[in-house]
Amino acid sequence: MRLVNIGFGNIVSAGRIIAIVGPESAPIKRNVQEARDKGTLIDATYGRRTRAVVIMDSGHIILSSVQPETVAGRLVGKPADFSE
């Protein structure tokens with residue numbers, strides 16, 4: 001089982017991740033609210049701004065304060081590119 005760090009020492013199973021997306025779009029905001037209502041939302045932001053939404057195959061949605069590109073880079077094992 002491969003694990004990926006989603007920020008602040010929080011780790012999820014890499015094989016269970018379906019998507020890593022930004023939180024800005026209305027459909028993602030709606031999915032986050034629905035997960036909150038159902039009790040399947042995991043907030044791993046430690047009170048910081050949500051920058052990535054990780055969608056799991058179990059139906060859980062995880063909020064992270066790390067950029068989606070950074071999480072994806074950790075997922076594939078590449079260092080993050082901060083030159084942008």
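For the reader, a short list of remarks on this structure follows.
- The listed residues are Arg2, Arg36, and the only one of them that is without any contact (Cβ under 8 Å) to a residue 40 or more places away in the chain, in contact with a helix residue (DSSP H, G or I) (Cβ under 8 Å, 6 or more places away or on another chain), of a type in the set (D, E, K, R) and open to solvent by 60 Å² or more (accessible area, probe 1.4 Å) turns out to be Arg2.
- Any hit, the stretch 12-32, residues being free of Cβ contacts under 8 Å to residues at least 24 places away in the same chain, among the basic types (Lys, Arg), surrounded by 11 or more Cβ atoms within 10 Å (Cβ to Cβ) and not in a strand (DSSP E or B): yes
- Tally of residues being in a strand (DSSP E or B) and open to solvent by less than 40 Å² (accessible area, probe 1.4 Å) across the stretch 42-54: 3
- For the stretch 25-49, a residue qualifies if it is over 13 Å from the mean Cα position of the chain (by Cα) and of a type in the set (Asp, Glu), and the qualifying residues are Glu34, Asp37.
The values are calculated or read from the model by the stated rules, or taken from the named source; none is laboratory data. The shown structure was predicted, so the numbers you read here are calculated from the model rather than taken from an experiment. Cβ coordinates were reconstructed from backbone atoms using ideal geometry, including for glycine residues, and neighbour counts include every protein chain displayed. In case anyone asks, the SASA skips ligands and DNA or RNA and just uses the protein heavy atoms, side chains included. Shrake-Rupley method; radii C 1.70, N 1.55, O 1.52, S 1.80 Å.
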